[in-house]
Amino acid sequence: MKFTKIPLLILSLFILVSQATAQKTEITISFSEQFFDALLDAVFQFAPPPAFVLSKNSASEQSTKQSNSFAPTPVCDESVKLLRETNGKRTSVRFREGVITAPIAFSGNYNPPFIGCVPFAGVAETIVDLEFDEPNQRLLARARVTDVSLNGTGGIGGGMVARMVQGSLDRKINPIEIVKTEKVSFELPIQNSGSVRMRATGFSTQVVNGQLAIHISYIFEKGR
């Protein structure tokens with residue numbers, strides 16, 4: 001009698017495991033480098049280039065300085081502007097050897113003491129990390145600036161400008177919302193029983209040359 005119960009117990013456990021597995025699923029979203037190239041072309045075509053203040057100096061502070069001086073000096077717009085391309089290097093997203101990289105082209109102006117307004121341009125090399133914001137059901141990207149190649153300053157304040165650009169990019173761009181997981185899920189109404197909905201629980205990625213595959217894990221749960 002005891003031996004006959006063992007197969008029944010194993011069968012019951014198998015059924016429970018099968019049911020638990022059936023309540024989980026996965027959705028894969030794929031991106032190509034060409035997709036981001038087309039997206040960036042559209043962004044720079046249909047909207048002004050993103051720009052932000054480079055230093056703490058504001059236009060009002062510059063105006064105050066001018067009003068207190070006998071000879072007004074031109075206002076220096078200490079800001080950095082993101083560009084589609086500079087010196088043959090383009091803002092882009094690249095998938096190489098398991099890593100997401102994003103060179104970002106920029107230009108701007110800097111006003112070092114006793115020198116005057118200095119224009120500059122360059123490229124910030126970044127590595128993009130993906131993370132899952134489960135409470136808000138979002139997949140986010142964060143760009144980490146690893147290096148800044150600067151030109152156009154004539155060697156004046158290059159190191160300081162590079163540090164300010166790096167800090168500004170880190171503060172102003174991050175985080176980037178890639179996708180809200182609810183947009184690639186569904187809720188199924190059940191008659192007289194509420195609904196069954198999908199909720200994202202995590203993700204994994206595969207980065208190969210030219211392609212990014214994002215695997216989003218979901219569970220099915222009872223809705224309202």
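Restricted to segment 34-114, the set of strands (runs of 3 or more DSSP E) holding at least 1 residues that are of a type in the set (A, V, I, L, M), surrounded by 12 or more Cβ atoms within 10 Å (Cβ to Cβ) and at pLDDT 80 or above comprises 51-53, 79-83, 99-101, 104-110. For the condition under 19 Å from Phe31 (Cβ atoms), out of contact with any Asp or Glu (no Cβ under 6 Å at 6 or more places or on another chain) and among the acidic types (Asp, Glu), Glu131 qualifies.
The values are calculated or read from the model by the stated rules, or taken from the named source; none is laboratory data. Just so it is clear, the structure is predicted and the values come from calculations on it, not from any experiment. Every residue, glycine as well, gets a Cβ built from its backbone with ideal geometry; the counts of neighbours run over all protein chains shown.
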